[in-house]
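S.K.: Structure provided below as structure tokens; questions to follow.
The values are calculated or read from the model by the stated rules, or taken from the named source; none is laboratory data. Predicted model only: the values in this text are computed from it and were never measured. As a convention, Cβ positions derive from the backbone with ideal geometry for all residues, glycine included, and neighbour counts pool all protein chains shown.
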Amino acid sequence: DQQVKQNSPSLSVQEGRISILNCDYTNSMFDYFLWYKKYPAEGPTFLISISSIKDKNEDGRFTVFLNKSAKHLSLHIVPSQPGDSAVYFCAASEGSSNTGKLIFGQGTTLQVKP
Amino acid sequence: DTEVTQTPKHLVMGMTNKKSLKCEQHMGHRAMYWYKQKAKKPPELMFVYSYEKLSINESVPSRFSPECPNSSLLNLHLHALQPEDSALYLCASSQETLYNEQFFGPGTRLTVL
């Protein structure tokens, strides 16, 4: 049973436009969420996180929105750049359990066209 | 120093070999992790070390044996692996296990013949 789902395997956007990547979760105990970017043959790179006490967190071109009632989060990238082309994973944890255990979604491949 | 390093980058081993993967971080992080990632799949947690003590083993077969010699180093000892163990093995670290983002190394690409 997948507790974290990224239902779109791929997304293609034009350079300069907004990229919106979505993630749904089923476990109501999750209270800490993260987004990672991964290039081929490299480890995931941390992008941005959000705890369940917030509904939005911004860092430069990246904004994460959390809708707890819908158990949904999204990552907005504005403006999108060709270097953003990568696989994006959302991850969730029961932060309060203090295990450090992250559950990852299946990933969404983003292609930003020049 | 804000990176996690892993050696070797690539490893090919036979099913009767014994080999080790090494991970190092100098960020003062007290939690370290091993993940396994198969092609087109998300990373799957294998082990968590917190303050040099094993805190989580995700029912990993005993042919994988983790070791944390000190707070900066994490090893994964491999013995009698199967071809299906071929994967990218990722190491990560975080300040602590509580609400902390994990920083990943580049991984070791393992092929078991």
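S.K.: Checking A:Cys90 against (1) facing chain B (nearest Cβ under 9 Å); (2) touching a Cys at 6+ places or on another chain (Cβ under 6 Å): exactly one of these is not met. Which one?
M.R.: The single condition A:Cys90 does not satisfy is (1).
S.K.: What are the pairs, 6+ residues apart or on separate chains, where a residue within the range A:27-41 that is farther than 23 Å from A:Glu58 by Cβ has its Cβ under 6 Å from a residue that is small (Gly, Ala, Ser) and modelled with pLDDT of 95 or more?
M.R.: Hits for this filter: A:Tyr39/A:Ala86.
S.K.: Does the range B:73-105 hold any residues that are buried (at least 16 other Cβ atoms within 10 Å of the Cβ), more than 11 Å from the chain's Cα centre (by Cα) and outside any strand (DSSP E or B), and which are they?
M.R.: Once the filter is applied, which keeps residues that are buried (at least 16 other Cβ atoms within 10 Å of the Cβ), more than 11 Å from the chain's Cα centre (by Cα) and outside any strand (DSSP E or B), the range B:73-105 yields B:Leu81, B:Asp85, B:Ser86, B:Thr97, B:Leu98, B:Tyr99, B:Asn100, B:Glu101, B:Gln102.
S.K.: Limited to the range A:1-58, what total is found for residues that are surrounded by 20 or more Cβ atoms within 10 Å (Cβ to Cβ), under 22 Å from A:Thr99 (Cβ atoms) and basic (Lys, Arg)?
M.R.: Result for the range A:1-58: 0.
S.K.: Okay, next question. Looking only at residues in the range B:18-35 that are touching a strand residue (DSSP E or B) at 6+ places or on another chain (Cβ under 8 Å) and surrounded by fewer than 20 Cβ atoms within 10 Å (Cβ to Cβ), which one is farthest from the other protein chains (Cβ to nearest Cβ)?
M.R.: If we take residues in the range B:18-35 being touching a strand residue (DSSP E or B) at 6+ places or on another chain (Cβ under 8 Å) and surrounded by fewer than 20 Cβ atoms within 10 Å (Cβ to Cβ), then B:Lys18 is farthest from the other protein chains (Cβ to nearest Cβ).
S.K.: Of everything in the range B:1-59, what is basic (Lys, Arg) and assigned to a loop (DSSP other than H, G, I, E, B)? Give them in sequence order.
M.R.: Residues satisfying the conditions are B:Lys9, B:Arg30, B:Lys38, B:Lys40, B:Lys41.
S.K.: Give me the strands (runs of 3 or more DSSP E) completely within the range A:50-114, filtered to those with at least 1 residues that are in contact with a Lys or Arg (Cβ under 7 Å, 6 or more places away or on another chain), ordered by residue number.
M.R.: It comes to A:62-67, A:72-77, A:86-93.
S.K.: Return the residues of the range B:1-27 that are touching a Ser or Thr at 6+ places or on another chain (Cβ under 8 Å) and of a type outside the set (A, V, I, L, M); say none if nothing qualifies. Steps first, answer last, please.
M.R.: Narrowing the range B:1-27 to residues touching a Ser or Thr at 6+ places or on another chain (Cβ under 8 Å): B:4, B:6-13, B:21-27.
The answer is B:Gln6, B:Thr7, B:Pro8, B:Lys9, B:His10, B:Lys22, B:Cys23, B:Glu24, B:Gln25, B:His26.
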